[in-house]
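Colleague: Just dropping this structure here.
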Amino acid sequence: MSSIKDEINRRRTFAIISHPDAGKTTLTEKFLLYGGAINLAGSVKGKATARHAVSDWMEIEKQRGISVTSSVLQFEYDGFCINILDTPGHQDFSEDTYRTLMAADSAVMVIDGSKGVEAQTRKLFKVCVMRHIPIFTFINKMDRDAMDTFELLDDIEKELGIATCPLNWPIGSGKNFKGVYDREKKCVISYSDTEKGTKEGKTEEISVDDGEKLKSLVGEEAAENLLSEIELLDGASAEFDLDEVRAGNLTPVCFGSALTNFGVEIFLKHFLNMTTTPLPRMSDSGLIDPVNNDFSAFVFKIQANMNKAHRDRVAFMRIVSGKFDATKEVRHVQGGKTLRLSQPQQIMADERKILSEAYGGDIIGVFDPGIFSIGDTVCAPADKFAFEGIPTFAPEHFARVRQLDTMKRKQFVKGIEQIAQEGAIQIFQEYNTGLEEIIVGVVGVLQFDVLKYRLENEYNVDIKLENLPYEHIRWIENKEQFDIPKLTGTSDMKKVKDMKGNPLLLFVNSWSIGMTVERNKGLILTEFSKN
Ligand code: G4P
């Protein structure tokens, strides 16, 4: 029997970040293929079918065929127990997508080789930087014509401000893609057709010093290009330094093609070699160590209304330390109570499995009778610490909400406050007035539909949303130092407050943010709120 320590140490928990269509789903499928979780690539998360299977949680998801929630996948590979946190994209991008990153110990960034860094990657990357977690880059779609490799790396360094260290180097792209050069082993791994990744590719490793063999394998021109690129690269790229990788300052980069299953296992092996075991987490009693502390976890996401008939909610928890045993009581620190977590389950892409035990690094979903909030701590009954809270992330879309039937004010306020408490939306008021006017802010526009749908269906309240032109919101970090009504901003700036009374500023464009900071000496504006 393996010990708790062994179980925790073999866990690796990471999120995949990318812009939609870069190949996140395809790469995940290939990981699962290597882990033996599926037999044939494509059978797990074939978009249309699997998404419907997961998504009957909420009518709105079914209607649109998309998944509002992010899911977790667990698989075994080479003795590791791997948890992948999916970060949903497109219109289903929401604050939950950001929060998911608070539960991961590292991130895999998938970039389309023909496009470079794109908008959604940029947004998610910021959260990874805030947490200083390691980021591993997979440059995908090398079987299609790609940007120049040096340009791609330059793009990552300039756009994201992180140094890159290629672990391998592509030989050509598109029709001329011949494979990758492994910088450590100094050999070429040749690309062969894998019939869309459904069978193992034949890889041949040859030394770059074997000039004749290299030419016959990749062709004369590609061989010459490769040799000169290697020379350039060895002179120009950052030295590999595992401490820098672990600190999130240097991203190791691999190239490949998820669709044709080339370079995926190479990447997975490098990744597992370099990423961390479950990380400790700060609490008000200091760092909580995954192995030396008893069971503890924090809530990073609340999924409401999976079953409309019961109005139930599921709280997703990241286990930070120890072993979770479903038969034992735990302390809910913020609620001040001990309780048994009911119906603990592992939420997979297309199924939910009741589980009796789990370990530091794992993610579990538990039935929530309405007692948990995002950021809450659960721990062993004898412990009393609380983990650091989860930040609130800046919404990018704003609307004024009006209830159509003024008689239903109470239900309206109750509903909107409850939905805000679950973290699906943020609510603000005009700085100087009462609750009469409510402004809603969301990270992804779909949340507006979710709000409207839920108020109608659960609270029997019809609302009208009137879009506002603001795109940026900023918290005032040093609010004590300013007389808020007297702050001078640009003419389009709006002052609001959140439900706790904190002042915030709304802006139409980023230029106005700069102007406002300039006009109010010493003003510190932030994109995340720690309280
Ligand atoms: P996402 O989860 O990041 O949104 O991307 P996803 O894996 O769904 O991939 C988006 C599209 O890109 C898919 O094509 C997929 O087959 C393709 N793709 C992924 N990896 C590669 C690759 O390495 N090379 C090439 N050439 N294509 C790749 P689709 O036509 O939109 O969907 P489908 O009909 O193939 O499912």
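Colleague: Taking square-rooted eigenvalues a ≥ b ≥ c of the alpha carbon gyration tensor, is the range 151-194 rounded, prolate or oblate, where a/c under 1.5 means rounded and, failing that, a/b exceeding b/c means prolate?
Modeller: Oblate, because a/c is 1.5 or more while a/b does not exceed b/c.
Colleague: Counting other Cβ atoms within 10 Å of each Cβ, which trypsin sites (Lys or Arg not before Pro) in the range 424-516 have at most 14 and sit in a DSSP loop?
Modeller: Hits after loop and neighbour filter: Lys500.
Colleague: Another question about this same structure. Can you pull out the GluC sites (Glu not before Pro) in the range 415-482 whose DSSP state is coil and whose Cβ has at most 10 other Cβ atoms within 10 Å?
Modeller: Glu436
Colleague: Contact order normalised by length for the range 397-526, with contacts defined as Cα pairs under 8 Å and 6 or more residues apart; what percent is it?
Modeller: 28 percent.
Colleague: Oh, and also: Take the Cα atoms of the range 223-324, find their three principal axes, and give me the spread along each one in whole Å, biggest first.
Modeller: Computed over the range 223-324, the largest-to-smallest principal extents equal 66, 39, 20 Å.
Colleague: Another one. Using r as the Cβ-Cβ distance of Leu468 and Lys530, and R0 as 25 Å, what FRET efficiency do you calculate, to the nearest 0.05?
Modeller: Efficiency, rounded to the nearest 0.05: 0.50.
Colleague: Let me ask something else about it. With unit charges on the beta carbons (Lys and Arg positive, Asp and Glu negative) and the dipole taken about the Cα centre of the range 102-258, which residue among Gly116, Thr251, Ser106 sits farthest to the positive side?
Modeller: Looking along the dipole axis, the top candidate is Ser106.
Colleague: Beyond a 23 Å Cα-Cα separation, which of these cross-linked pairs lie in this structure: Lys123/Lys500; Lys464/Lys497; Lys495/Lys521; Lys24/Lys301; Lys414/Lys452; Lys323/Lys384?
Modeller: Going by Cα-Cα distance, Lys123/Lys500 fall outside the 23 Å limit.
Colleague: Going by alpha carbons, how many degrees (0 to 90, nearest 10) lie between the helix axis of 24-34 and the longest principal axis of the chain?
Modeller: 60
Colleague: To test your reading of the geometry: what angle, between 0 and 90 degrees and rounded to tens, separates the Cα axis of helix 446-459 from the longest principal axis of the chain?
Modeller: The helix 446-459 is inclined about 40 degrees to the chain.
Colleague: Using only Cα atoms, tell me the angle between helix 510-519 and the longest principal axis of the chain; keep it within 0 to 90° and round to the nearest 10.
Modeller: 60
Colleague: Among Phe136, Ala358, Met274, whose Cα lies farthest out toward the positive end of the dipole of the chain, if unit charges sit on the beta carbon of Lys, Arg (+1) and Asp, Glu (-1)?
Modeller: Among Phe136, Ala358, Met274, the one farthest towards the positive end of the dipole of the chain is Ala358.
Colleague: Using the eigenvalues of the Cα gyration tensor, what equivalent ellipsoid semi-axes result for the range 386-453 when each is taken as the square root of five times the eigenvalue, whole Å, largest first?
Modeller: Gyration-tensor ellipsoid for the range 386-453: 21, 14, 13 Å.
Colleague: Follow-up question, since we're still on this one. In percent, how large is the relative contact order of the chain, given Cα pairs closer than 8 Å and 6 or more residues apart?
Modeller: Once divided by the residue count of the chain, the mean separation gives 13 percent.
Colleague: Separate question: Please report, in debye to the nearest 20, how large the charge dipole of the range 397-526 is about its Cα centre when each Lys and Arg carries +1 at its beta carbon and each Asp and Glu carries -1 there.
Modeller: 240
Colleague: How big is the charge dipole of the chain about its Cα centre, in debye rounded to the nearest 20, if each Lys and Arg gets +1 on its Cβ and each Asp and Glu gets -1 on its Cβ?
Modeller: With only Lys, Arg, Asp and Glu charged at Cβ, the dipole is about 2200 debye.
Colleague: Grab the eigenvalues of the alpha-carbon gyration tensor for the range 397-526, scale each by 5, take roots, and send me the semi-axes largest first in whole angstrom.
Modeller: Listed largest to smallest, the semi-axes of the range 397-526 are 29, 14, 12 Å.
Colleague: Further, regarding this structure: Based on Cα positions only, what radius of gyration and what Dmax would you give for the chain, in angstroms?
Modeller: When restricted to the Cα atoms of the chain, Rg and Dmax are 24.7, 84 Å.
Colleague: Separation of the range 1-33 and the range 244-293 by C-alpha centroid, Å?
Modeller: Comparing the Cα centres of the range 1-33 and the range 244-293, I get a distance of 10 Å.
Colleague: A follow-up question, please. Name the residue from Pro485, Tyr459, Thr516 whose Cα lies farthest towards the positive end of the charge dipole of the range 397-526, charges +1 on Cβ of Lys and Arg and -1 on Cβ of Asp and Glu.
Modeller: Looking along the dipole axis, the top candidate is Pro485.
Colleague: Right, next: Put a dot 7 Å past each Cα toward the Cβ at Met407 and Asp449; how far apart are the dots in nm?
Modeller: About 3.1 nm separates the two model spin labels.
Here, each number is a calculation from the coordinates, and none is a lab measurement. A quick note: this is a predicted structure, and the numbers were derived from the prediction, not measured. So basically every Cβ, Gly included, is an ideal-geometry build from the backbone, and we count neighbours across all protein chains shown.
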